[in-house]
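What follows is a single structure, written as structure tokens, with notes after it.
The values are calculated or read from the model by the stated rules, or taken from the named source; none is laboratory data. Quick caveat, the model's predicted, so the values are computed rather than measured. For neighbour counting, all protein chains shown are included, and Cβ atoms are generated from backbone atoms with ideal geometry for every residue, glycine included.
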Amino acid sequence: MKQQNRQRLKTNKSNRWLWSLPLLGLLAAGLWPVYQQHQRSNPERWLNEAIKLESSGKFAAAQKLYQQLYVNYPQASQAPMALLRSGRIWQLDRQHDQQALLSYLQLEHDYPQSPLVLSAQREAAKLVKYSLRDFSRAIEYYQRLLDADPQAGDEYLYEIADCYFRLDNYNQARIEFDSLLQNYPQSSLGATVLFRKGGLHLLEKQLDQAHHSWQQLLELYPQSDYALQARFNLAKLLEEQSLLQDALQQYQQLDDFPQQQLLREKIERLKKRIAAKKKAI
């Protein structure tokens, strides 16, 4: 009897389990969409929470959450933003340039179609140039930006030219500046480029070309912040070429020159030279 009772209980348990399988299946089927929705909402919730932490100055905690989002949900639409913001924390708040650069390059590599790639490329180029001061490498980064975003090409060409300048390659710097002026004639950088071109010519003792660049600046951008300094430089150039009367005329037009004491000394010294020259004749 005991054996029969045990067998009957065992059979009843088996039957109950078999009957519960459909119910478990129905329950699982009902909970699966909820689970999927929860998984889909996690990246968004983590990103929002990380942004809040970052805004409150808790950079390490924010960055940890950004990294978890990228590692756990690499296919999520929020993953590129997590990498970008993580890179900025590394760069601006934790002063770790190499880690920042790695984040930007990771974004570019893993999500080439993301609209955030351009932002990552810009950040990487600035970091390599201004923080790491690797000017040769920065030229490559800005060249890639020039290919990817030609509408902002004047900005990238300017940075490329400046990199060549910092590498003491003045000839190539001028070539890049000329390319900027030719391809982007309406660029807001026009006055800056002409001013710097004059300086490059002067460094290479190309006085006529320096004069031409600064004179062109005055003709095209008379209201530019560089106009006064360009006129002062022109006057100095004329003075060095012994064109004393022309130099004096240029100096005397500099009513708004910020260094008035220097200007007065220049004018007085020049007048004495002119008077001495006339007396000698």
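List of remarks:
- Any hit, segment 247-270, residues being assigned to a loop (DSSP other than H, G, I, E, B), farther than 30 Å from residue 128 by Cβ and among the aromatic types (Phe, Trp, Tyr): yes
- For the criterion of being surrounded by fewer than 19 Cβ atoms within 10 Å (Cβ to Cβ) and assigned by TED's automatic domain parsing to the domain that holds residue 222, residue 197 fails.
- Selection count where residues are of a type in the set (Gly, Ala, Ser) and outside any helix (DSSP H, G or I), scope segment 271-281: 0
- For segment 241-260, the count of residues that are assigned by TED's automatic domain parsing to the domain that holds residue 215 and over 26 Å from residue 213 (Cα atoms) is zero.
- Qualifying residue in segment 205-221 (condition: under 28 Å from residue 151 (Cα atoms) and outside any helix (DSSP H, G or I)): yes
- Contact map, segment 141-166: first residue under 12 Å from residue 183 (Cβ atoms), second residue among the charged types (D, E, K, R) and surrounded by fewer than 15 Cβ atoms within 10 Å (Cβ to Cβ), Cβ cut-off under 8 Å, separation 6 or more or different chains; pairs are 156/149.
- Criterion: hydroxyl-bearing (Ser, Thr, Tyr) and either over 24 Å from residue 157 (Cβ atoms) or surrounded by fewer than 17 Cβ atoms within 10 Å (Cβ to Cβ) (or both) - qualifying residue of 242, 213, 187, 224: 242
- Residue pairs meeting the criteria (Cβ under 6 Å; at least 6 apart or on separate chains; first touching a residue at least 40 places away in the same chain (Cβ under 8 Å) and assigned by TED's automatic domain parsing to the domain that holds residue 178, in segment 203-227; second surrounded by fewer than 18 Cβ atoms within 10 Å (Cβ to Cβ) and not in a helix (DSSP H, G or I)): none
- Residue check, residue 53 within 23 Å of residue 140 (Cα to Cα) and either part of a helix (DSSP H, G or I) or modelled with pLDDT of 95 or more (or both): no
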